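> Got a structure for you, written out below as structure tokens; questions coming shortly.
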Amino acid sequence: MSAVHRLLTWLVEPGFASSAPVHVALVVGTVAATVSAVVGVFTVLRGQSFAGHALTDVAAAGGSGALLLGAGALSGFVVGGLLGAGAMDLVGVQRARGRDLATGVVLGVATGVTALVLYLDTTTRATAGTVQQVLFGSIFSVDAAVVPVSVALGAVAVAAVGALYRPLLLSSVDPELAAARGVPTRAVGVVFMGALSLAVGLSAVAIGAILSTALLVGPAAAALRATRRLGWAVVTAVVIGTVSTSLGVLFAYDSYYWAPGRRGLPVSFFVVALVVAAYGVSGLPARRRRRVPGTGR
Amino acid sequence: MARSAATKPAGAWRLGRWLGALGAAVPAAALLSACAAGPTATPGVVAAVGAENQYADVLSQVGGRYVEVSSVLDDPNSDPHGFELSTSVAKEVGAAALVVQNGLGYDDFMTKIESATPNPRRRVLVVQHLLGLPDATRNPHLWYAPTTMPAVARAVAGALAALEPDHAAYFRARLERFDASLQPWRSAVAAFEARYRGVAVATTEPVADDLLEAMGADNRTPFAFQAAVMNGVDPSPQDISLVHGLLTGHRVRVLCVDAQVVSSLTASIRRTALRAGVPVVAVYETMPAPGYDFQRWMLAEVRAVERAVAGGVSTERL
């Protein structure tokens, strides 16, 4: 009993459960991780990880633009992501051929626009920490008013993927067969890109636009290595994403007490480190399986 | 294949040469035009630059009709910590005979532009060095300390007298007038201290900390929090909770908000204060012009804090 208590107090520094910024961070982080994991599994299946990454850059341009206009970052991340998704659809991201090229062009333009808007943010407006907030996230500074909005947007994204589950799966695994069976692959793709931009926008608020790729692709990739069954992969990805995010918040909170300077370390770093660790661990069983037959090792 | 191998390096070389020439030509052109447009055209008038408009204000108050002053940072709607240089600034600094800058990393761009526009005649007064402060000084907003500007004005008068010895007496007289004009501010600080010594306050940034200290106020905000907001990084959740708690628990009588360094975090702290009935006072990085000179600005800040503590009145804009 006392050993468990001691372990818990060692793991969880005092005040964690009662801290208001922690509550907001846990909710926003969990929503972002859940949506990213669900959408991420299909993103990996469809081979659109690079498109997902490019969307984060468009979201960054949107988020910094929203701050320039005095609006909330989340609205900018989401609107930017949706516009980016539309642009990528127009330039042909659905086609496997030339897709990387189109994505790369959108990515380059978006990053340039982000550089311009962040410059304008810091030089013409009384804004502080815009670069940090947009690129790397400020989850402990998120306004509590953002919580219901992010929960609602997250629900929309998960519902969209859930409603399209079968046609989405078929068009992701075998687009030609899906088209032959009468699945409107283009429309399914467009709705999916919409869900993808919501996922990117939500995780940009949590761990920053640049790092939201990690939450999108990491847990999904780890889950797809651990299991072949799609339903299990989605569940596993959600667990990996939400546990990484919550532990990241906890470690960032605890890090305040690690050094005498009383400065917390950024949440984003811990989340990404934990996601990478999960990806590494997910490869172990497969490797062991591969070694058993033949060589006798 | 051979052809492309032969032409490629030549093309690269040409581009490199072209870029190199451009790199050399641009600063040279800037320098030439700086010399051509130099305000030294007016004899007997010293071209001077204040890196922040409060230093520019003291330069013109002491220099009077014998200085032509410009300032680099003077936009009350932007954060000086995020400032980036333009060529027009390089022009002004290149032509100036007297420069006043803050130091402590607040206006490092001045040092860069000075080494890019070398001028053996130019005198550079660094306020940090005037006050003998070490580089490790954690709060760079030196002008809020009541002892700072008298020392700056004295150094400015000395430098101007050395540049224009004929007008030394004129500068001395204006220095005395400037010192005397600081009296209402000093009296207000002393009166506040006598009446409210130890009053608890909170801030979002260390901008006015030296003034609050001179007023005898007790700033309960952790410095790590203020420094994080100033440097544009995230404060720890512990400190964020602590600052919100200071306000919701009514453990401070006023919240000083840096009007030039605003983020979603400082906005939510401001809202918490107003909801809890803690008055908010705007403090500024640079002089809120027009309508203020340095003395009136400082006096207005003291009066605003006094109104907040005495009557719970917010001053969200000076």
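Every number here is computed from the coordinates shown, using simple stated rules; none is lab data. These figures come from a predicted structure and were not determined experimentally. Here Cβ is always computed from backbone atoms with ideal geometry, including for glycine, and neighbour counts include all displayed protein chains.
> State whether segment B:39-181 is rounded, prolate or oblate according to the following rule on the C-alpha gyration tensor (a ≥ b ≥ c being the square roots of its eigenvalues): a/c under 1.5 gives rounded; otherwise a/b larger than b/c gives prolate, and the remaining case gives oblate.
Here segment B:39-181 falls in the oblate category.
> Then there is this: Helix-only estimate, please: 222 nm mean residue ellipticity of the protein assembly as shown, summing -39500 (n - 2.57) across DSSP H runs of length 4 or more and dividing by its residues, to the nearest 500.
For the protein assembly as shown, the value works out to -21000 deg cm²/dmol.
> Going through segment B:179-244, which trypsin sites (Lys or Arg not before Pro) have at most 12 other Cβ atoms within 10 Å and a DSSP loop state? Don't jump to the answer; show the numbers that get you there.
Values: sites: B:ARG186, B:ARG195, B:ARG197, B:ARG220; in loops: B:ARG197, B:ARG220.
Passing sites in segment B:179-244 are B:ARG197.
> Got a sec? How would A:SER141, B:SER264 order by Cβ neighbour count within 10 Å, fewest to most?
With the fewest neighbours first, A:SER141, B:SER264 line up as B:SER264, A:SER141.
> While we're looking at this one, here's another question. About the Cα centre of chain A, how large is the charge dipole given +1 on each Lys and Arg Cβ and -1 on each Asp and Glu Cβ? Please answer in debye to the nearest 20.
Its charge dipole is roughly 1300 debye.
> Still on this model: Full-extension gain between B:ALA190 and B:GLU316, please, as 0.36 nm times their residue separation minus the C-alpha to C-alpha distance.
43.0 nm
> Nearest 5 percent is fine: what portion of the DSSP beta bridges confined to segment B:197-311 is antiparallel?
On the way: 0 of 9 bridges.
Around 0 percent antiparallel, to the nearest 5.
> In which sequence would A:TRP232, B:TRP185 go, from the one with the fewest C-beta neighbours within 10 Å to the one with the most?
A:TRP232, B:TRP185
> With a/c under 1.5 counting as rounded, go ahead and sort segment B:208-270 into rounded, prolate or oblate using the C-alpha gyration tensor (a ≥ b ≥ c being the square roots of the eigenvalues; past the cut-off, prolate if a/b is larger than b/c, else oblate).
Values: a/c = 1.58, a/b = 1.20, b/c = 1.31.
Oblate shape, in that a/c is at least 1.5 and b/c is the bigger or equal ratio.
> Based on alpha-carbon centroids, what's the gap between segment A:247-271 and segment A:168-199 in Å, whole number please?
Cα centroid of segment A:247-271 versus Cα centroid of segment A:168-199: 40 Å apart.
> Check which residues have an amide H placed less than 5 Å from B:VAL46's amide H, if you skip close sequence neighbours.
B:VAL67, B:GLU68
> Under 14 Å from a label point 7 Å along Cα→Cβ of A:VAL147: give me every residue in segment A:26-40 with its amide N that close.
From segment A:26-40, the list is A:26-31.
> Another question about this same structure. Positive end of the charge dipole of the protein assembly as shown (Lys, Arg +1 and Asp, Glu -1 on Cβ, about the Cα centre): tell me which of A:VAL41, B:ALA51, A:THR213 has its Cα farthest that way.
A:VAL41
> Along the positive direction of the dipole of segment B:197-311 (beta-carbon charges: Lys, Arg +1; Asp, Glu -1; about the Cα centre), which of B:LEU247, B:TYR292, B:VAL262 reaches farthest?
B:LEU247
> Using only the alpha carbon atoms of the protein assembly as shown, find the Kirkwood hydrodynamic radius as the inverse mean reciprocal pair distance, in angstroms to one decimal.
Kirkwood hydrodynamic radius for the protein assembly as shown: 27.7 Å.
> Below 14 angstrom from the Cβ of A:GLY248, what's the summed charge of the other residues (Lys, Arg +1; Asp, Glu -1)?
Working: positive: none; negative: A:ASP254, B:ASP234.
Once positives and negatives cancel, what remains is -2.
> Just counting partner chain Cβ atoms within 10 Å, what average do the residues of peptide B:223-234 show around their Cβ?
Details: counts 1, 5, 2, 0, 2, 6, 3, 2, 3, 9, 10, 17.
Mean shielding by partner chains, rounded to a whole number: 5.
> Still on this structure, I have one more. Pop a pseudo-label 7 angstrom from the Cα along the beta-carbon direction at both A:TRP258 and B:THR248 and give the gap in nm to one decimal.
2.8 nm
> Separate question: List the relative contact order of chain A as a percent without decimals, with contacts defined as Cα pairs under 8 Å and 6+ residues apart.
Once divided by the residue count of chain A, the mean separation gives 28 percent.
> Hey, what do the phi angles of segment B:145-162 turn into as Karplus ³J(HN,Hα) couplings, whole Hz, using 6.51/-1.76/1.60 and θ = phi - 60°, x for Gly and Pro?
6, x, 8, 6, 5, x, 5, 5, 4, 5, 5, 5, 4, x, 5, 5, 5, 6
> How much FRET efficiency would the formula 1/(1 + (r/R0)^6) give for B:GLU176 and B:THR137, where r is the Cβ-Cβ distance and R0 is 22 Å, rounded to 0.05?
That gives a FRET efficiency of 0.15.
> Could you tell me the calculated FRET efficiency between A:VAL235 and A:VAL190, based on Cβ-Cβ distance and R0 = 30 angstrom, to the nearest 0.05?
Here the calculated transfer efficiency is 0.70.
> Could the peptides A:153-164, A:50-61 be put in order, highest first, of the mean number of other beta-carbon atoms found within 10 Å of their residues? Can you show the working numbers first?
On the way: A:153-164: 17.3, A:50-61: 27.6.
Put in order of decreasing packing, that is A:50-61, A:153-164.
> Which shape class applies to segment A:15-282: rounded if a/c is under 1.5, otherwise prolate when a/b exceeds b/c and oblate if not, where a ≥ b ≥ c are the square roots of the Cα gyration tensor eigenvalues?
oblate
> Quick one: if the Förster radius is 25 Å, what FRET efficiency do B:ARG275 and A:ALA71 give, using the C-beta to C-beta distance and rounding to 0.05?
E(calc), rounded to 0.05, equals 0.70.
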